[in-house]
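Reading through the structure tokens given below for one structure.
What follows is calculated from the coordinates using simple rules that are stated; it is not laboratory data. Bear in mind that the values here come from a model prediction, so they are computed numbers and not experimental data. For neighbour counting, all protein chains shown are included, and Cβ atoms are generated from backbone atoms with ideal geometry for every residue, glycine included.
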Amino acid sequence: MSALSSLWIDEKEPGPILRTHAYPGIFLCALALAATAQAQQNAVLPSPHAAFSFPEKQTLTYSVDWRVFPAGTAVVHFERRDGRERVSATADTTGAINLLFHVGDRFQSDFDLERGCSYDFDKETVEGRRQIDSTLRIDYGQEKSFYDERNLVTKQSRHVEWASGGCLTDLLSGVFYAASQPLEIGHSFVLPVADYLRIVPVTMKVEGREEIKTALGTFKTIRVQPTADAGVVKNRGNIWIWYTDDERHLPVQMRARLFWGTITFRLTGKEEK
């Protein structure tokens, strides 16, 4: 299980590299894995495509496999609220993996439906003995971001503020916000992602079409690869997201292939509620 928990860089002290380390984050925060490039202020979040509509209510369920072993379940819920889209997600280990290393994470973010700007990103992290609650708030009026974290085990807390500039997405919303773009084969677009003390420009490369089989059937998909000029996966692995090749751009599969193995998320359930 230690291989699973080391999917993310784990640092004891805050620094310029993103810190978190549970395997469920690869689905919910795949953009973070792809990028720890130097902060840039000139990346502009592209507006949603005119023909795209975020779901009013929807719940997506994914199975999680590590190599050939079942490892857990991730559930993502969408709901519109007062002109914003709220994305809530849970990630839990199951079966034998759960006995070796228990993970029970909760995530939530809100973004503007018209421009895509994220306003907050909350995490409740339970990973083995590690229990941390954190909140990222983006204030566009002040052009500042505010990060608060509390370690529920050590009782230590910290508060950080930094200049964040224009419209940004966050590590949870970004995976699903990318679906609002045209996804034209051979083209790329950049998402400026709000991260701890920085803005990370992530390039989404639209690579090609592929058929993907899941428990819900076979889907025609568009394969997208998040990349950056530097980062924890540079020369060490790759990440891909497969979106349905239709107006929904539903993410039906996600895969991280790193030096110690592969983690795959596959869509197993979709409900309009």
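A compact table of results
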| quantity | calculated |
| --- | --- |
| Gain in span if fully extended, V153 to K220, counting 0.36 nm per residue against the direct Cα distance | 19.6 nm |
| Neighbour-count order for D195, D105, fewest beta carbons within 10 angstrom listed first | D105, D195 |
| Residue-wise HN-Hα coupling along region 195-212, computed from phi with Karplus coefficients 6.51, -1.76, 1.60 (Hz; x: Gly, Pro) | 10, 4, 6, 6, 10, 10, x, 10, 8, 9, 8, 8, 8, x, 9, 7, 8, 10 |
| GluC sites (Glu not before Pro) restricted to DSSP loop in region 181-214 with at most 12 other C-beta within 10 Å | E184 |
| Per-residue Cβ neighbour rank within 10 angstrom, fewest leading, Y196, Y243 | Y196, Y243 |
| Estimated FRET transfer efficiency when R0 is 30 angstrom, pair E247-T59 (beta carbons, to 0.05) | 0.95 |
| Phi to ³J(HN,Hα) by Karplus 6.51 cos²θ - 1.76 cosθ + 1.60 over region 170-183, Hz, x for Gly, Pro | 10, 5, 8, 5, x, 4, 8, 5, 4, 5, 7, 9, x, 6 |
| Projected label distance in nm at E210 and V190, using a 7 Å step from Cα toward the beta-carbon | 2.6 nm |
| Packing-based exposure ordering (other Cβ within 10 Å, fewest first) of D139, D82, D110 | D82, D139, D110 |
